[in-house]
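Working notes, beginning with the structure itself.
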Amino acid sequence: MEGKSYQRLPRVKIREMRDDYMKFELRDTDASVANALRRVMIAEVPTVAIDLVEIEINSSVLNDEFIAHRLGLIPLTSDRAMSMRFSRDCDACDGDGQCEFCSVEFHLRAKCHSDQTLDVTSKDLLSSDHTVVPVDFSDSAGMESSEQKGIIIVKLRRGQELRLRAIARKGIGKDHAKWSPAATVTFMYEPDIRINEELMDMLTLDEKKAWVESSPTKVFDFDPKTEKVMVVDPEAYTYDDEVIKKAEAMGKPGLVDIIAKEDSFIFTVESTGAVKASQLLLNAIEILKQKLDAVRLSEDTVEADDQFGELGAHMRGG
Amino acid sequence: MTSKREEKMKKMFGKPSAESEDYAAVRELFRHHIESFDHFVTAGLETMLNKIKPIEVVDSSTGTSLAIWFGKPFLFPPQKEESKTARGKLLPFECRQAKVSYTGKFMADVYFKYNDGPAIRENFNFGQLPIMLMSKLCHLRGANPEKLVSCKEESSEMGGYFVLNGLERVVRLVILPKRNYPTSMVRNSFRDRKEGYTDKAVVIRCAREDQSSVTVKLYYLRNDSARLGFWIQGREYLLPVGLVLKALIDTTDHEIYKNLTCCYVEKDESCDVKKYEKGKGNVGTQLVGERAHIILDEVRDFITRRQCLEHIGGHFRPLMRGLEDESDLSVVGEAVLEDYIFVHLDKGFDKFNLLIFMVQKLFSLMDQTSLPDNPDALQNHEVLLPGHLITIYLKEKLEDWLQRAKKLLQDQINNKSKTFDFCSLVNVKKVLDKNPSKHISLAVENMLKTGRLVTQSGLDLQQRAGLTVQAERLNYLRYLSHFRAVHRGASFAGLRTTSVRKLLPESWGFLCPVHTPDGEPCGLLNHMTSTCRITSYFDAQGNIRNFLNIRESILTVLSELQMISSVPKLVQAGPPANLSVLLDGCVVGSISSKVVEKVVAQLRKLKVSASSVIPDDLEVGYVPLSSRGAYPGLYLFTSPSRFVRPVKNISIPSDEGQNIELIGPFEQVFMEIRCPDGRDGGRKDAFPATHEEIHPTGMLSVVASLTPWSDHNQSPRNMYQCQMAKQTMAFSLQALCNRADQKLYHLKTPQSPIVRTSAYKKYCIDEYPTGTNAIVAVLSYTGYDMEDAMILNKSSVDRGMFHGLIYQTETIDLSDQKSRSDRSRKFFRRSNINKNSSIDSDGLPYVGQTIKPNEELYSIHNEVTNESRSIKHKGSEPVIVDYVAIDGKKLLQKASIRFRHPRNPIIGDKFSSRHGQKGVCSQLWPDIDMPFSGVTGMRPDLIINPHAFPSRMTIAMLLESVAAKGGSLHGKYVDATPFANSKNVNEETPPQSKTLVDELGEMLKVKGFNYHGTEVMYSGVYGTELTCEIFMGPVYYQRLRHMVSDKYQVRSTGTIDQITHQPIKGRKRGGGIRFGEMERDSMLAHGAAYLLHDRLHTCSDYHIADVCSICGSILTTSFVKPERRVGRAVKGLPPIRASKKVICHACQTSRGMETVAMPYVFKYLAAELAAMNIKLTLQLNNAA
């Protein structure tokens, strides 16, 4: 038992990186790590979101809870979130939002004076902290529309008014989806596609074309000059087995051999804008580390672990 | 003229010509309600008043007589009485909020006439009559959506209902027998009528111009004669047919004989007859002559018409109102014939002809040359419309009022009081004041409020209760269905036979085969198809029809078309040779059976053509000659309240859509209508199709036509969906802020379905969406999706999926609460002492405030005692005050508070797709643990189990999933109209090469998705690929109104029943759920004795009883009060508890007292038995 180490040194290669989007390869590790990373990114990287709303005046068509719910779902820039405190752990305050360590205060005052409907948007939310503001989408949209107005909260007609105070707090996606910084995180196993050239040459031109067409995604291509079938984009393959089924239907089983590489993953991360996609990954790794630290045995927990008996022994590596 | 016609057609079939006419198709669905009330307002009321007979009061001492009758009515739009002078419009929303009725003043002229003096007109106020919304008297009539919104209504408000005490009530459409059509019937109850009666009769429901009707039955007797039966004041009277025939017109026995036997021609009379002899259509037999003899023989003592009339008059004089003292019996006799026999006809001659026709039909039924009509078939039905119901009810009330007035006056005359002067109109009016005229409208209002008729006569209706229902605004579809529902009649609900509930082919195209509830009202409560209309008094231009003119012009057309008129009294040969022509129950002539088909075709042509005077909804019921089929004839109907629906007449060249014909259920049975798929539907060449359906979906109701691809589902699933659509928590109303409904369900985040049928657009369903496009994965994932449970994604719910609200309004009227004993005035005011309470200074709660159970809600101030009392919020969950409205009078006495209950999805809430697939949320599963798609990273909103499909065969749900996926990828809606491929398939085009699945699969493939809608997914927990590809796609899901929060029941201890000491039942009172016999059986089967004992004894009525072991009684024990010994208590020690001493009364000792644990009911049983002189004794031992 002793001595054998299962330690691997995973490698990350970033393919594409934008503020709200990232694609990277994760190699030399297994599905558990990859999935842990995905899960942490979705549910455990903290962000800041509006959690408490005090409504002073609301004469809009939407009721108070509805507006509060909509406010909560507005992504706020949460770069500071990692260093903030959860308001439940905060000693400095009683969670009423006056505390700089755990909360950020917002104000919203809007009243419609004209006959045109007034859109109250996330831009109207005034933050007490310039680092925590509603996410601005205008630059990422390529400046094509100069009047990007942000996320609409409610529309007001003449005479209607909305006045409120909101407190944003740190939280994680596990508690409520509004704290989730990731819109989508997904990974796939990197496929290894090998075409059996011998069998392929036995196919007619039309058969080749039909076979290439059978995949809904463009994994293969047919080169009319060389009359060869090539793999153009292995990662477009969705493991739907369509080409394998097609090959079998054509009486050529084994025409293509596709294996999922067990240890390399291609990740796609889309952020809500609260945290940059790259930062999201770093934060996720940080959180994962912290979680592992919590699990790792420290001297003062040995006693406690004795209570767990076999489990404790197992965790100690016995 | 053609353009006019086009316009008419546009109006009828809802082709929007302008933007403002968006709601035209929806409006069409409500039209029959409004039109019937419009007719009541514009003409029906006046006709009815004119039909009410004058009363005559005679002062026998002076000989002066006073006649009283009704004149013109005046009905006013609803008005608000702000002060004595100023009046304003009363708008419906004000009525809803203030819980008052939307009524208009009803005045009418009443004429008084002394002897032969001049008629004096007096205007009487008959109170406040309920006004139907959107009718001609409603302030909302003709308002465009903007105006409606400014009146605080829905922009699509359709009206058609009444607002009574703030509640919206609709008159239920009830099936009635078709008016003015003699139906032959076989019923066992006829035989039990009297000795000598058979089970066969011909029945006709005759309707007067004022909608009141009298049913006349013609019974066949075993001695081959016939009796005419009719009802007067709740009793049936029977007259010999011969007598009535002779009484109707001056005639001879020979003439009657000739008329009766015209349907049978003896063989040797002409060679022409021979042709028909073997063939079809022989109605008469040689027995007809003998029967005619018998009929005439019965009344041989009566020779002249006057004799007959006098005979009838003599018998009926005491029953005839106002004719009790008539000396001329023949006048009474004529009145009987006029008032009770064939009331739809005026002339005796017409009545005579109709009676002859009926006798012939009865004979033919007897001889089995024709079949009885099915009284359950829609063919012989029409519908009771709100306007008509109110007319007949009001008529009876007004007649009663006149009769009571007469009685009052007569009493005054007889009393000979000095103050009363009969000749003074002022005095007469004073007497009439004792008979308050305002109660008339109140009676109508109460009828609409309760749906109950308070009547002596029954108004010739089958039921007296359940005529109105509340139009629940649970969601738009439910609301809409209230107006499209047709009920078979409450009397059929109790019937044990199921024949009335059957779906008959006659109702094809008129009643939806899918949209009927299952369970108790199945088949009785039907819904009209979306194309079905009901004929009214208004033509397409909105003008009132003149039925006299219409009938006249039909007659001229008919006589041009070789009809032999019946007006000169000529006896015509009957069926095979000639067919009788009945126009609205009047025998107008006969037509040769050789030309009749041409005549029918010509009539249909005229019906459709715009230039003719023949109305477009004329029903040309041609019953052809047949061997032992239905009784032949040509039956024409122009009357209102018939069902009609549009079909294409393909025998007429189709130029500019002028070939749309409205047909009724009576004629449909004998027509050849083909499906528009271009095939002949198995029709033989002998019967070529003359008509074609417009679209196959025309046979579905509005709700049923919303199910996507319902033609791919197993049929009961479509029925379930129709029910569930109506229980969906949806976007109920747009004018929510102005409503004060008792309970409203509201979905906060609705969506428009991606996969939708054409009906969605036509009926503006997107104004009131009913669900959410949820991403549904079909897999067995955690085990929490077993048995129709479904797993919701917690994050989706966090983000607002299926979030909902319940609005509840509580109206407090302090002026009502005034009890008789204290006359103190109460009003809302906050108590001065408790300033920091949650109640505002006006005594009502703040808007937006959350109120928890048992917190103060409002406070009432009593003026006399000068005390304030606060009322607490009852109910088990916290509520938010949404809205507080007060009645703007000086004293704050009436307020309504609207509460809001947030209802976000929790475990136990019910959801359903649009395919009858309902399920209960079993878990709110964390997003990260849900399986995710490798390509898109998408996690499903909802997981259902694949076992939901094989046995239920809801293929359309799978199609919807694929189609919605394709639709969302391509960014467009997908049309899912059922039967789309059976429309306009020409013979030349080859059968469609592409199936629906191919089409949908292609959409996915183009976007790089699996052709079959499956996706490769990874476990959210382990990150490994799932072995199967998972079928995933968006499906439109509805949230049903059944929520655990309203249903859960919890009890450990609590209130118990006073008598049995067992826990009470009922969720509201904190009761328990019964652990009944079946549950007990299963416990026994498991051998769970302790559990059983716990449930049935320990947790129920555990009781320790004292039993006397000497006499064995448990009832004779009683406590002996221990004598109080003072001072024995030692200081510092607790007082010694005196031991309870129990003695037996019977034995006068406490020696044998033992305690026994038993259920308390046992003791109760012993007491009950003792009351019956049965003694129950127990024998105690310690064996156990």
Local electrostatic count at residue B:688 - Lys and Arg +1, Asp and Glu -1, tallied over other residues with Cβ under 14 Å: -1
Specify the residue with the greatest mean-square fluctuation among A:263, A:79, A:233, computed from a Gaussian network of chain A linking alpha-carbon atoms under 10 Å apart. A:233
Of all trypsin sites (Lys or Arg not before Pro) in segment B:314-421, the ones in DSSP coil with at most 15 other Cβ atoms within 10 Å are B:321, B:347, B:416, B:418
Which value, in debye to the nearest 20, gives the size of the charge dipole of chain B about its Cα centre, when Lys and Arg are +1 and Asp and Glu are -1 at the Cβ? 4360 debye
Could you give the spread of the C-alpha atoms of chain B along their three principal axes, from largest to smallest, in whole angstroms? 123, 96, 76
Would you list the P(r) distribution for segment B:71-179, with all Cα-Cα distances sorted into 5 Å bins from 0 and each bin expressed as a whole %? 2, 11, 16, 19, 15, 12, 9, 7, 5, 3, 1, 0
Per the Kirkwood treatment, what hydrodynamic radius in Å, one decimal, follows for chain A from the mean inverse distance over all distinct Cα pairs? 23.9 Å
One checks the Cα atoms of segment B:486-536 and finds Rg and Dmax, in Å, of 11.2, 35
Once the dipole of the protein assembly as shown is set up from charges on Cβ (+1 Lys and Arg, -1 Asp and Glu), the residue from the list B:563, B:706, B:980 lying farthest towards its positive end is B:563
For the protein assembly as shown, report the translational diffusion coefficient in µm²/s to the nearest whole number, using Stokes-Einstein at 10 °C, 1.306 mPa s, and a Kirkwood Rh over Cα pairs. 40 µm²/s
Send over the Kirkwood Rh of segment B:162-251, from the inverse of the averaged 1/r over different Cα pairs, rounded to one decimal Å. 15.4 Å
Treating the beta-carbon of each Lys and Arg as +1 and of each Asp and Glu as -1, no other charges, what is the dipole magnitude of segment A:197-254 about its Cα centre, to the nearest 20 debye? 120 debye
Of the candidates A:45, A:120, A:295, which one comes out as most mobile in a Gaussian network treatment of chain A with C-alpha springs shorter than 10 Å? A:295
If the cut-off is 16 Å between C-alpha atoms, which aspartates and glutamates fall inside it for residue A:291, apart from same-chain ones fewer than 8 positions away? A:44
For segment B:185-376, build the charge dipole from Cβ charges (+1 Lys, Arg; -1 Asp, Glu) around the Cα centre, then report which of B:330, B:302, B:186 sits farthest towards its positive end. B:186
Partners for residue B:416 among aspartates and glutamates (Cα-Cα distance below 17 Å; same-chain residues under 8 apart left out): B:59
Mind scanning B:743/B:852; B:51/B:89; B:246/B:397; A:155/B:152 and naming the pairs with a C-alpha gap bigger than 25 Å? B:51/B:89; B:246/B:397
Set of aspartates and glutamates with alpha-carbon distance to residue A:111 below 12 Å, sequence-local pairs under 8 removed: A:119, A:124, A:161
Below 18 Å Cα-Cα, how many Lys pairs turn up in segment A:197-254? Only count pairs eight or more apart in sequence, or on different chains, if you could. 17
Rule-of-thumb check for segment B:824-903: C-alpha Rg over 2.2 N^0.38 Å? 1.09
FRET efficiency (residue B:1118, residue B:1172; Cβ distance; R0 22 Å; to 0.05) is 0.50
When the Cα atoms of segment A:197-254 are enclosed in a convex hull and the volume is divided per residue, what value in Å³ results? 75 Å³
Compute the length gained on full extension between residue B:404 and residue B:547: take 0.36 nm times their separation in residues and subtract their Cα-Cα distance, giving the result in nm to one decimal. 48.1 nm
Out of A:164, A:76, A:292, any idea which swings most in a Gaussian network model of chain A, alpha carbons joined below 10 Å? A:292
Past 32 Å, Cα to Cα, is the threshold; run A:123/B:147; A:23/A:178; B:53/B:502 against it and keep the listed order. A:123/B:147; B:53/B:502
Going fewest to most other Cβ atoms within 10 Å around each Cβ, B:1080, B:191 line up as B:1080, B:191
Using a 4.7 Å Cβ cut-off, which Cys residues in chain A lack a partner cysteine? A:112
Working from Cα positions, state the angle (0 to 90°, nearest 10) between the long axis of helix B:996-1006 and the longest principal axis of chain B. 50 degrees
Mean projection area, nm², convex hull over Cα of segment A:23-78: 6.0 nm²
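Every number here is computed from the coordinates shown, using simple stated rules; none is lab data. It should be emphasised that the depicted structure is a prediction, and the values quoted were computed from it without experimental measurement. Reconstructed Cβ throughout: ideal geometry from the backbone, glycine too, with neighbour counts over all protein chains shown.
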